[in-house]
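One structure below.
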Amino acid sequence: MGKQGRRKMVCYALFLVALFQCKFWAVAILDPLDFLALQSIRKSLHDLPGSTFFASWDFTSEPCNFAGVYCDSDRVVALNLGDLRAGSPGLTGKIDVAIGKLSALAEFSIVPGRIYGPLPPSISHLKKLRFLAISRNFISRNISATLGQLISLKTLDLSYNQLTGEIPRSIGTLPELSNVILCHNHLSGSVPPFLSRVLTRLDLKHNALTGSLAPDSLPPSLQSLSLSWNQLSGPVDRLLSRLDQLSFLDLSLNKFTGPIPCRLFSFPITNLQLERNLFSGSVQPADQVTISTVDLSHNRLSGQISPMFSTVQNLYLNNNRFTGKVPAGIVGRLLSGNIQILYLQHNYLTGMEIKSADEIPISSSLCLQYNCMVPLVQTPCPFKAGNEKTRPTAQCNEWKG
């Protein structure tokens, strides 16, 4: 090969090297704005003692290879901060406002740790964000109404933090929301209407929410609703009658009033918690109740106990105003071991078709004390039921009258 041929070969080799480098950098170089945003986020967060999550965050290398960083081409599309393994110490620090610069971000989560301070309003700039989960940290102050600008958001989980103030009504207008989990905070005010037709889970338990719920404030798509441990009030029968997809319902420890709709007992619910409210009136399901656990205790329910409850495994009707005799069907299911818990204490019941020779299965629990009868079968009751076996005659006569 002549000198000219060798020169051509060298030139061609150099061209291939240059071409390879161009292709490499085109794929590997992160968008400059995303690069700078990650640097700012890193500066504001730190590993707690025992955590090594940020060990891979060396900005002399490619950020798309960092732990918790996921890219599509040259953009960051997911940021999952903290070691996902159970028991990890987690992270501490504040969320930097630069998070709002990651404009292609679709998913942002932080594992349990000690992240504190407010949620930056700049998060509202993330128009492609579908998943936002910062649970079990120390996020504080109000939830910004600007979160209502996240029109693609499907999951919002800010549970187990220190959030205060009201739930912005703007959040309820987000059209794609399917999961809202704001439990175990210090939120106050009323529950805003939720307009999303795909909302399946709403968990607002353990807050300080007040006010009532309008009949059309929640969509029929709901499958799980938890509002327990608040101070909510007013009737909910018209609202609940619409939510026929519910599989879990917990409204306990509030101040809800009015009747419990009979339709509720035909819904595909596995666990029904309505205890410690101010519900009143009779409870007469139309068909046999297939819900495994029904807790209606500590209300103001009255009338006779429906035999339709005989198919419930764990039935709590204690501390109400039920009268009459315990249905024979319920007694039979109890003696056969099909009912595991039957709490009827602190009512005005007058009889139960059970013989002194009948034995309650060891796997079942029955409590009858403080009714208008002398229990023929003595069974252990919860400590909170007290020591008195029978309600005073004067109270029974007064209730009859």
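The values are calculated or read from the model by the stated rules, or taken from the named source; none is laboratory data. Fair warning: this is a prediction, and the values are worked out from it, not measured in the lab. In this analysis, Cβ positions are derived from the backbone assuming ideal geometry, glycine residues included, and neighbour counts consider all displayed protein chains. Only protein heavy atoms, including side chains, enter the accessible area calculation; ligands, DNA and RNA are left aside. Shrake-Rupley method; radii C 1.70, N 1.55, O 1.52, S 1.80 Å.
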Self-check item: Amide H contacts under 5 Å for Gly258, placed H, 5+ residues apart
Solution: Ser280
Quiz item: Which ³J(HN,Hα) values, rounded to whole Hz and listed in residue order, are derived for the range 148-163 from phi using the Karplus coefficients 6.51, -1.76 and 1.60 in 6.51 cos²θ - 1.76 cosθ + 1.60 with θ = phi - 60°, glycine and proline given as x?
Solution: x, 8, 7, 5, 9, 5, 10, 10, 10, 10, 10, 6, 6, 10, 10, 5
Self-check item: Alpha-carbon spread of the range 147-227, three principal axes, descending order, Å
Solution: 27, 26, 20
Practice problem: Just need the Rg to Rh number for the chain, please, alpha carbons only, Kirkwood Rh. | Solution: 1.19
Quiz prompt | Rotationally averaged projected area of the range 57-193 (alpha carbon convex hull; nm²) | solution = 8.2 nm²
Quiz prompt | Loop trypsin sites (Lys or Arg not before Pro), the range 123-165, which have at most 14 other Cβ atoms in a 10 Å radius of their Cβ (DSSP) | solution = Lys127
Practice problem: Could you list which residues have their amide H under 5 Å from that of Met373, counting only those 5 or more apart in sequence or on another chain, with H placed in the peptide plane? | Solution: Arg391
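Report, to the nearest whole %, how much of the accessible area of the range 231-387 belongs to carbon and sulfur atoms, 1.4 Å probe, protein only. Write out the running numbers ahead of the final one.
On the way: 3360 of 6790 Å².
Exposed carbon and sulfur together represent 49 percent of the surface.
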Exercise. Would you grab the residues whose amide H sits under 5 Å from the one on Gln304? Only those 5+ places off in sequence or on another chain, please, with H modelled 1.01 Å from N.
Key: Thr323
Practice problem: Output ³J(HN,Hα) for the range 92-97: one whole-Hz value per residue in order, computed from phi by the Karplus curve 6.51 cos²θ - 1.76 cosθ + 1.60 with θ = phi - 60°, and x for Gly and Pro. | Solution: 9, x, 10, 7, 6, 4
Quiz item: What pairs in Lys325/Lys384; Lys43/Lys128; Lys255/Lys355; Lys94/Lys255 have C-alpha atoms more than 28 Å from each other?
Solution: Lys255/Lys355; Lys94/Lys255
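What's the longest piece of the chain with no exposed GluC sites (Glu not before Pro), counting a site as exposed if DSSP puts it in a loop and it has at most 11 other beta carbons within 10 Å? Numbers along the way, then the final one.
On the way: sites that count: Glu359, Glu388.
With GluC sites (Glu not before Pro) excluded where exposed in loops, the chain gives 1-358 as its longest stretch.
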Exercise. Please report how far the C-alpha centroid of the range 47-107 lies from that of the range 123-199, rounded to the nearest whole angstrom.
Key: 22 Å
Quiz prompt | Low-density loop cleavage sites - trypsin sites (Lys or Arg not before Pro) in the range 312-397, where at most 12 other Cβ are within 10 Å (DSSP) | solution = Lys355
Self-check item: Vicinal HN-Hα couplings computed from phi for the range 373-389 (Karplus, 6.51 cos²θ - 1.76 cosθ + 1.60; Hz; Gly/Pro x)
Solution: 7, 9, x, 6, 10, 8, 10, x, 10, x, 4, 5, 6, x, 9, 6, 7
Practice problem: For the chain, with a Gaussian network of springs between Cα atoms less than 10 Å apart, report the residue from Pro120, Pro175, Pro32 with the top mean-square fluctuation. | Solution: Pro32
Quiz item: Heavy-atom accessible area of Tyr348 with all protein chains present, probe 1.4 Å, nearest 10 Å²?
Solution: 40 Å²
Quiz prompt | the chain, helix-only ellipticity at 222 nm - DSSP H runs n ≥ 4, -39,500 (n - 2.57), divided by all residues, nearest 500 | solution = -5000 deg cm²/dmol
